[in-house]
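*Asks:* Before anything else, here's the structure in question.
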Amino acid sequence: MNKVKMSVLTVVSLILCLTGCQNSADEIRQAKQEGELTVVTSFYPMYDFAVKVGGEQVRVVNLVPAGTEPHDWEPAPADIASLEQAEVFVYNGAGMEHWVEDVVKALENESLIQVEASDGITLLESDHSHSEGEEGMCDPHVWLDPMNARAEMSNILNAFVQADPEHADYYKKRYDMYAAGLEELDREFTEGLSQMTDRNVIV
């Protein structure tokens with residue numbers, strides 16, 4: 001009886017997962033019909049930046065579910081379907097999403113604007129690897145630095161303006177507002193840590 005219950009639960013979970021992913025593709029199609037810019041993001045920080053810049057003019061669908069380790073996540077066929085429908089795809093890059101290159105090559109959506117948000121950011125070397133055998137890796141978590149977060153949002157802004165020039169001023173105003181907040185946060189960090197003699201920080 002327990003095996004039967006487990007089998008039923010497994011089937012139900014798969015159906016719910018596939019339905020949710022399919023709904024994402026349907027949501028994108030509907031948003032395009034309603035005139036919204038359709039955006040797919042790889043994981044939450046990219047989703048957050050895209051929503052901040054895009055506001056009410058964009059419909060953003062995030063791929064990696066909440067609570068899931070983005071380094072290990074793999075896209076399902078329904079996730080590919082969402083990318084096939086989207087106008088903009090935002091991902092962090094810097095080795096964060098190992099699956100992006102293969103997925104993008106397989107897409108038939110030739111008009112998809114791809115945004116590697118970390119493009120142009122100087123990466124820090126890291127002694128921490130996410131896969132066994134990796135050495136000499138760079139730290140992909142660039143958005144944790146407020147000024148890097150601003151740079152990533154700037155790359156997203158440029159993509160939105162390219163995809164939807166009609167609302168360029170709207171996107172620019174929203175970017176400017178959040179960029180100012182990140183600059184203020186960076187000033188607070190710089191001033192607050194300037195007198196520290198011990199450079200080891202526990203978060």
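The values are calculated or read from the model by the stated rules, or taken from the named source; none is laboratory data. Computed from a predicted model, the values in this text were never measured in an experiment. Don't worry about glycine lacking a Cβ; one is built from the backbone with ideal geometry, like all the others, and counts go over all protein chains shown. Calculation scope for accessible area: heavy atoms of the full protein, side chains included, ligands and nucleic acids excluded. Shrake-Rupley method; radii C 1.70, N 1.55, O 1.52, S 1.80 Å.
*Asks:* Is at least one residue of the range 114-135 under 29 Å from Met177 (Cβ atoms), open to solvent by 50 Å² or more (accessible area, probe 1.4 Å) and hydroxyl-bearing (Ser, Thr, Tyr)? Give the steps one after another, and end with the answer.
*Replies:* The first filter runs over the range 114-135 and keeps only residues under 29 Å from Met177 (Cβ atoms), leaving 114-124.
Next, from what is left, pick out any that are open to solvent by 50 Å² or more (accessible area, probe 1.4 Å): 114, 116, 119-120, 122-124.
Add one more test, that the residue is hydroxyl-bearing (Ser, Thr, Tyr), and what stays is 122.
Among the residues of the range 114-135, at least one is under 29 Å from Met177 (Cβ atoms), open to solvent by 50 Å² or more (accessible area, probe 1.4 Å) and hydroxyl-bearing (Ser, Thr, Tyr), which makes the answer yes.
*Asks:* Working only within the range 65-92, note down all residues that are among the hydrophobic types (A, V, I, L, M, F, W, C), open to solvent by less than 10 Å² (accessible area, probe 1.4 Å) and either part of a loop (DSSP other than H, G, I, E, B) or without any contact (Cβ under 8 Å) to a residue 60 or more places away in the chain (or both).
*Replies:* Leu83, Ala86, Phe89
*Asks:* Determine if the range 93-102 includes at least one residue that is open to solvent by 50 Å² or more (accessible area, probe 1.4 Å) and touching a helix residue (DSSP H, G or I) at 6+ places or on another chain (Cβ under 7 Å). Explain how you work it out, then say what you get.
*Replies:* So in the range 93-102, the residues open to solvent by 50 Å² or more (accessible area, probe 1.4 Å) come out as 95, 98, 101-102.
From the residues that got through so far, the ones that are touching a helix residue (DSSP H, G or I) at 6+ places or on another chain (Cβ under 7 Å) too are none.
No, the range 93-102 contains no residue that is open to solvent by 50 Å² or more (accessible area, probe 1.4 Å) and touching a helix residue (DSSP H, G or I) at 6+ places or on another chain (Cβ under 7 Å).
*Asks:* Got a sec? Which of Glu87, Glu74, Glu101 is among the acidic types (Asp, Glu) and under 27 Å from Lys172 (Cβ atoms)?
*Replies:* Result: Glu87 is the single residue among Glu87, Glu74, Glu101 that is among the acidic types (Asp, Glu) and under 27 Å from Lys172 (Cβ atoms).
*Asks:* Give the residues of the range 40-68 that are more than 14 Å from Asn92 (Cα to Cα) and either touching a helix residue (DSSP H, G or I) at 6+ places or on another chain (Cβ under 8 Å) or of a type in the set (Asp, Glu) (or both), sorted by residue number.
*Replies:* Correct list: Lys52, Val53, Gly54, Gly55, Glu56, Gln57, Val58, Arg59, Val60, Val61, Ala66.
*Asks:* Give me a count of the residues in the range 181-203 that are open to solvent by 50 Å² or more (accessible area, probe 1.4 Å) and part of a helix (DSSP H, G or I).
*Replies:* The total comes to 10.
*Asks:* Let me ask something else. Would you pick out the residues in the range 27-44 that are under 22 Å from Val104 (Cβ atoms) and either at pLDDT below 95 or surrounded by fewer than 20 Cβ atoms within 10 Å (Cβ to Cβ) (or both)?
*Replies:* Hits for the range 27-44 are Glu27, Ile28, Arg29, Ala31, Lys32, Tyr44.
*Asks:* Name the one entry in Ala159, Ala151, Ala179 that is over 16 Å from the mean Cα position of the chain (by Cα) and not acidic (Asp, Glu).
*Replies:* Result of the check over Ala159, Ala151, Ala179: Ala179.
*Asks:* Would you call Glu56 over 19 Å from Asn23 (Cβ atoms), open to solvent by 10 Å² or more (accessible area, probe 1.4 Å) and either basic (Lys, Arg) or at pLDDT below 95 (or both)? I'd like the intermediate steps shown before the answer.
*Replies:* Working: over 19 Å from Asn23 (Cβ atoms): yes; open to solvent by 10 Å² or more (accessible area, probe 1.4 Å): yes; either basic (Lys, Arg) or at pLDDT below 95 (or both): no.
No: the conditions fail for Glu56.
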